[in-house]
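To start, the structure under review is shown below, and the notes come after it.
Values quoted throughout were computed directly from the atomic coordinates according to the rules given, and no laboratory measurement underlies them. It should be emphasised that the depicted structure is a prediction, and the values quoted were computed from it without experimental measurement. Quick reminder, even Gly has a Cβ in these numbers, built from the backbone with ideal geometry, and neighbours come from all protein chains shown.
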Amino acid sequence: MIKFLDLKAVNQRYAEQIRVAVDRVLESGWYLLGAELEQYEVEYAAYCKTVHAVGVASGLDALILILRAYGLGPGDEIIIPANTYIATVLAVTNCGADPVFVEPDPCTHLIDPEKIEEKISKRTKAVMPVHLYGQLCNMKVICNLAGKHNLKVVEDAAQSHGAVCPEGKITADYPARAAGHSFYPSKNLGALADAGMITTNDGQLAEKIRALRNYGSCQRYYNKYLGINSRMDEMQAAILRVKLKGLDEDNVRRRRIASYYLEEIKNQKVVLPKPPVNPESHVWHLFVIRTRHRGSLQRHLEEKGIQTQIHYPVPPHKQECYAKYNGLSLPIAEQLANEVLSLPISPVIKEEDVLNIVRTINDWK
Ligand SMILES: *Cc1c(COP(=O)(O)O)cnc(C)c1O
């Protein structure tokens, strides 16, 4: 059986160092908002080349806290891609703001920057690009548009740890900009529980989020904002400090597998993802192919013991929880949801398994 993702094998590589890190926290007697998180925030900010990093309880919370810290809420519109994981949309609606869906570019599956401007209204306050599957959106174009219309830029970076934009910086110089990261166990950099992070160069925003994640308090028992409880615990911070050191190497492995798939999968019924112009701008969190005969291919792979997944079978605007958007027509996003299939890709997948997957797809009639 070739698993879609063997998380145990991913973490076994760090078992000894993780035990040391967990022991350190146990010995310290301090479990929340302590030295491990402080250190991890410094290390992760340096890794992302941003000035500030603030650890929180999850990727969804990271996005919600950015929107709340920017003061976005009822009456505001936020532009998001129609093709994304539900969390992007939940962040918007949790704040009481209205999502405005933009169709993806059918080649990259990312928000189509050409279609953003036509959706900007007087109520639009922010644009939320999602670096889906690990590939960066065209941030230059998006930040230029945002500047022109005075919008905040909130990046959903939950799938893109370590992706570097062509200008050589993860965060460019656009000032009203922050990114939400997730360390959900299956992400390229995953904890052993839920965890998330906000990165930004905006010092005021970072300070406000530090308070918001901790009951809105800057000083104990004095509450400045209506906050929430969303803190990354010391155990996860200590574990992530260990795993961050292996992230670049893991991403190199992912790129190597992606290149192999791109060169060797040859089946007329399969559409392969478009490789990025700059290889560094993609960390291949997912390797997503398309086919009109998805059910047949998924069954064929399953019969040969190969697990695949679908990211995502139902676009957010067609979800039951978003009944008020069910009537929207976003045909590109809807078509992708019907045709996408994710192949196994991970830093621990065996070479023979990758060969086997390629052979099995090429044999599919
Ligand atoms: C995983 C994910 C999130 C949410 O992260 P959690 O840590 O699970 O809350 C948000 N957006 C995208 C695109 C994701 O893949």
Can you spot the aspartates and glutamates whose alpha carbon is less than 15 Å from residue 266's alpha carbon? Ignore those fewer than 8 places along the same chain.
363
Can you work out ³J(HN,Hα) from phi for every residue in the range 323-330, in order, using Karplus 6.51 cos²θ - 1.76 cosθ + 1.60 and θ = phi - 60°, giving whole Hz and x for Gly and Pro?
3, 5, 9, 4, x, 5, 10, 10
Using alpha-carbon pairs under 8 Å, 6+ residues apart, how would you state the relative contact order of the range 7-244 in percent?
28
Dipole magnitude of the range 318-365 about its Cα centre (Cβ charges: Lys, Arg +1; Asp, Glu -1), debye to nearest 20
180
Cα principal axis extents for the range 247-363, largest first, Å:
46, 33, 23
What is the sum of charges around residue 316, taking Lys and Arg as +1, Asp and Glu as -1, for the other residues whose C-beta is under 15 Å from the C-beta of residue 316?
-3
Starting from the amide H of residue 124, placed 1.01 Å from N in the peptide plane, find each other amide H under 5 Å away whose residue is 5 or more places distant or on another chain.
77
Sorted by average packing, counted as other Cβ atoms within 10 angstrom per residue and highest first, what order do 295-303, 318-326, 225-233 take?
225-233, 295-303, 318-326
Quick check on the range 1-104: what are the equivalent-ellipsoid semi-axes from the Cα gyration tensor, as sqrt(5λ), descending, whole Å?
33, 21, 12
Net charge over other residues, Cβ less than 15 angstrom from the Cβ of residue 269 (K, R count +1; D, E count -1)
+4
Computed from every Cα-Cα pair in the range 7-244, P(r) in 10 Å bins starting at 0 and rounded to whole percents is 8, 33, 36, 18, 5, 0
With charges set only on the Cβ (+1 for Lys and Arg, -1 for Asp and Glu), what does the dipole of the chain come to about its Cα centre, in debye to the nearest 20?
340
For residue 77, the net charge from surrounding residues (Cβ-Cβ under 10 Å; K, R +1; D, E -1) works out to +2
Members of 187/324; 187/350; 148/324 lying beyond 27 Å, as alpha-carbon distances in this model show:
187/324; 148/324
Note: the range 181-338 at 37 °C, 0.692 mPa s; Kirkwood Rh on alpha carbon pairs; Stokes-Einstein D in µm²/s works out to 167
For residue 318, list the aspartates and glutamates whose Cα falls under 13 Å from its own Cα; do not include residues on the same chain fewer than 8 positions away.
334
